[in-house]
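What follows is a single structure, written as structure tokens, with notes after it.
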Amino acid sequence: MSSHNQKALFLDRDGVINVDHGYVGKYENFEYVEGIFDVVRKFQNEGYLPVIVTNQSGIARGYYTEKDFHRLMARVQKDFASHDVQHIPVYYCPHHTQGSVKKFAIECQCRKPLPGMLFQAAKELDVDLSNSILIGDSWRDIEAANAAGLTESFYLSHKLITDEQLSKLNSSHRVSNVTSLSEIIKLLRVTL
């Protein structure tokens with residue numbers, strides 16, 4: 001029996017929390033995806049700890065700095081707080097092998113599809129990965145969730161999941177194809 005009892009809602013950032021305009025490093029370019037506050041609040045009310053896990057190769061590429069990223073996320077936290085969402089821990093991967101900022105241009109264990117950020121969050125926040133859920137807009141997010149031992153994820157995309165993609169997931173991993181966050185709330189009404 002695991003001592004971890006906190007279940008988490010892992011959220012990718014770009015494409016899930018904010019519209020993915022490509023390398024968003026400033027608040028003025030941060031546009032929330034419709035329904036994100038409702039979805040996160042709903043999960044929080046069901047006992048899930050919201051946690052952001054985001055690849056931020058824009059840092060390695062020199063498009064914005066870690067300080068810019070933290071400043072932006074502090075503003076985002078305020079916006080969530082004003083919608084009755086508790087503080088959200090943020091895990092990010094600043095690395096990319098093709099980066100121009102030398103210290104970040106490395107092979108790492110945290111860039112999704114690798115599950116490093118989820119494992120780190122589980123360790124630091126005492127999260128039970130097998131009872132946690134991820135919402136991601138890239139198949140890399142789903143692969144990371146699967147590799148971390150999550151049993152459920154939501155693929156927020158207009159792309160349909162292929163049989164080949166599904167065949168590479170653990171048999172215990174259930175992934176739902178959704179095109180909007182409101183669909184997740186509808187599905188939750190059924191499952192929670």
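Quick note: the coordinates plus some simple rules give every number you see, no bench work behind them. All values derive from a computational prediction rather than experimental measurement. Here the Cβ is made from the backbone with ideal geometry for all residues, glycine too, and neighbour counts use every protein chain on show.
Odds and ends about this structure:
- Among 53, 90, 19, residue whose mean-square fluctuation peaks in a GNM of the chain (springs only between Cα atoms under 10 Å): 19
- P(r) tail for the range 40-163: Cα pairs beyond 25 Å make up 28% of the total.
- For the range 11-99, averaging the sequence separation of C-alpha pairs within contact (under 8 Å, six or more residues apart) and dividing by the residue count gives a relative contact order of 35 percent.
- Inter-label distance, nm, simple model (7 Å from Cα along the C-beta direction), residue 97/residue 38: 4.2 nm
- Within a Gaussian network of the chain (alpha carbon springs, distance under 10 Å), most fluctuating of 88, 17, 135: 88
- Set of the range 10-53 residues, backbone N closer than 18 Å to the point 7 Å along the Cα-Cβ line of residue 86: 10-11, 37-53
- Between the range 115-169 and the range 15-37, the Cα center-to-center distance that results, in Å: 20 Å
- Distance violations [Cα-Cα > 32 Å] among 7/168; 42/123; 42/103; 67/159; 67/168; 78/168: 42/103; 67/159; 67/168; 78/168
- Efficiency of FRET between residue 151 and residue 46 - r from beta-carbon atoms, R0 22 angstrom, step 0.05: 0.90
- Prolate/oblate/rounded call for the range 1-81, Cα gyration tensor, a/c under 1.5 rounded: prolate
- In percent, rounded to a whole number, the relative contact order of the chain is 22, using alpha-carbon pairs under 8 Å and six or more apart.
- DSSP bridge pairs, the chain: antiparallel proportion in percent, nearest 5: 5 percent
- Gaussian network model of the chain, Cα within-10 Å springs - most flexible of 148, 74, 122: 74
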